Amino acid sequence: MSSTTTPAAPATSPVRTIPASAPSSAPSATGGSAPTPAQLLDFVRRTAADAELVASLPLDPEGRTWVRLEGPGGSEAWLIAWPPGTGTGWHDHAESVGAFTTAQGELTENSLSVRLPGEGWNTLELAADVDRRRALPAGRGRAFGTHHVHEVLNESTTEHAISVHAYYPPLPLIRRFSRTGAVLRLEQVEQPEDWQ
């Protein structure tokens, strides 16, 4: 898998669904309300603290590896390993809310503090003050709302990072962007079959 794609099954690392040992505090999708970003953040933090689960993820020096987890309340969840120097590229998760926490190593999130339109554009010029940068060492994470545009990076030159991610509703699509200075350009729209 290339370092610029979202969780998708590489030929050498099949996706498998495993239950996270952290119990869910969010209601089920069939019996209650949808999990909130705060509930997803609680889930990813508790799951990231499961040392046995984190240690079970195989590490590949060339590309990201992952397993799909059972998320709370019908959410989609992933445990992801990031080799040194890998990242996602700029993207959003459409109408899904989400959360992620670093379980091992350190990740960096670059994000935009502006809500982008859902449809009807291909190129946007960004204001000068919309960039945000967060260092997320082990144990730190964040929750986010719909249309949150970001990129996640392992900037270490020597160490893997591992993180836990959850999204609700399960990702309907992912929009991928290129960025040149203040210009953000929509490059690709991925559907679930592209990464599952």
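Give a residue-ordered list of calculated ³J(HN,Hα) values for segment 41-51 (Karplus: 6.51 cos²θ - 1.76 cosθ + 1.60, θ = phi - 60°; whole Hz; x for Gly, Pro).
Calculated HN-Hα couplings, in order: 5, 4, 4, 5, 5, 5, 5, 5, 7, 7, 4 Hz.
Take the solvent-accessible surface of the protein heavy atoms, probe 1.4 Å, and return the percent of it on segment 45-158 that carbon and sulfur atoms account for.
Reported share for carbon and sulfur atoms: 48 percent.
How much accessible area does Asp194 have with a 1.4 Å probe, in Å² rounded to the nearest 10?
Roll a 1.4 Å probe over it and Asp194 shows about 80 Å².
Rank-order 136-148, 43-55 by packing density, defined as the average count of other C-beta atoms within 10 Å over each peptide's residues, highest first.
43-55, 136-148
Taking a cut-off of 13 Å, what percent of all Cα-Cα pairs in segment 77-116 are separated by more than that?
So the portion of pairs separated by more than 13 Å is 65 percent.
Mind listing the long-range amide H neighbours of Ala161? Cut-off is under 5 Å, sequence gap 5 or more, other chains count too, H placed in the peptide plane at 1.01 Å from N.
Here Trp82 satisfy the definition.
Round to a whole angstrom and tell me the spacing of the C-alpha centers of segment 146-196 and segment 37-110.
Centre-to-centre (Cα) distance: 12 Å.
The values are calculated or read from the model by the stated rules, or taken from the named source; none is laboratory data. Note that the coordinates shown come from a computational prediction; the quantities given were computed from them, not determined experimentally. All Cβ positions, even for glycine, are placed from backbone atoms using ideal geometry, and neighbour counts span all protein chains on display. All accessible areas refer to the heavy atoms of the entire protein, side chains included, with ligands and DNA or RNA removed. Shrake-Rupley method; radii C 1.70, N 1.55, O 1.52, S 1.80 Å.
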